[in-house]
Amino acid sequence: MASAARLIAAAVLAAVVGSPVPVLAFQPADGPGPLDRAFARLYNFDFAGGLAILDEMETADPQNPLVPSTRAAAFLFMELNRMKILEMRFFMSDDNLVDGSSRSVPDPAVRARLFAALDSARALAKARLATRPDDVEGLFALCMCVSVETDYTALVERRTWRSTRLATAVVEPARKLLARTPPFYDVYVNFGALEYIMGELPFFVRWFVHIDGVKGNKRQGIEQLKLAAYQGRYYAPFARILLVVVSLREKKLADAEELLAGLVRDFPENPVLREELTIVRQRARRAKQ
């Protein structure tokens, strides 16, 4: 069963194998809003700056569920950074994706703040959806909550099987967002990953990890994940980071270097991206020798 757990964890990373996406960041037609700026600060690893923007947003619009859901994401990435889980080396071993290489203990104070933010986001989202079932902010907040809790459970608490069960909760709100015209491209990260994971699992494992409405079409999952990278708004940089990890796992150093160079240009304050770009360039030079 451990090997099956490794496959589940690795499938998310393998889902976006293929040609690299453009390195230019997605620019929304209506220009960057405060949530765009908050995400930009988080991708720059300026967690304090991102949280400050979210605090301002909460003052102006206390009923917006995307504020606490994004705050939970900030706490998640703060913890992943502290535990050195965001370094690419972590993802090069399937064992790390199951039981973790870091021996750091999760910070209980950060965990409490993260789950409090998730509780707040879910309550606000459900309140909106009770009167407006197709509310975009409410549906996306629910999707984000599932992603944050799943990643925290898998990577910080190292409970891979439980995280897989949690991930199934994203299907219903994601389907509603994808049914829009145009679709809400960010959630292709969630939905495409589920589609691919189910297609990658051995038959006997599917009996334990059944997700209604997901057929396990790996090609469809890959294309959906590419859509998030090409046209997503908030998650497009995250999709590109996943592509870097996948390129490294597939020993496609040129693709990884191209993607990292674009990410460093877009997020120059992120020290991890700069360090990873240096490492990849060194590996590429050695490979040519």
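The values are calculated or read from the model by the stated rules, or taken from the named source; none is laboratory data. None of the values given here were measured: they were computed from a predicted structure. Heads up, the Cβs are rebuilt from the backbone with ideal geometry, glycines too, and the neighbour counts pull from every protein chain shown.
Quick check on Ala9: is it modelled with pLDDT under 90, farther than 18 Å from Pro271 by Cα and either part of a helix (DSSP H, G or I) or not hydroxyl-bearing (Ser, Thr, Tyr) (or both)? It is true that Ala9 is modelled with pLDDT under 90, farther than 18 Å from Pro271 by Cα and either part of a helix (DSSP H, G or I) or not hydroxyl-bearing (Ser, Thr, Tyr) (or both). Only one of the numbered conditions (1) part of a helix (DSSP H, G or I); (2) charged (D, E, K, R); (3) within 25 Å of Asp46 (Cβ to Cβ) is not met by Arg286, and that is (3). Looking across the range 119-158, just one residue is farther than 14 Å from Thr70 by Cβ, modelled with pLDDT of 95 or more and of a type in the set (S, T, N, Q), and that is Thr131.
Residues in the range 88-110: is at least one at pLDDT 95 or above, touching a Phe, Trp or Tyr at 6+ places or on another chain (Cβ under 6 Å) and in a helix (DSSP H, G or I)? Yes.
Considering each residue of the range 252-259 in turn, at least one proves to be farther than 27 Å from Phe47 by Cβ and either outside any helix (DSSP H, G or I) or under 18 Å from the mean Cα position of the chain (by Cα) (or both). Is there a residue being at pLDDT 50 or above, more than 27 Å from Pro108 (Cα to Cα), in a loop (DSSP other than H, G, I, E, B) and in contact with a helix residue (DSSP H, G or I) (Cβ under 9 Å, 6 or more places away or on another chain) anywhere in the range 44-57? The answer is no; no qualifying residue exists. Considering the range 244-276, the residues that are closer than 16 Å to Ala229 by Cα and of a type in the set (D, E, K, R) include one that is surrounded by the most Cβ atoms within 10 Å (Cβ to Cβ), namely Asp255.
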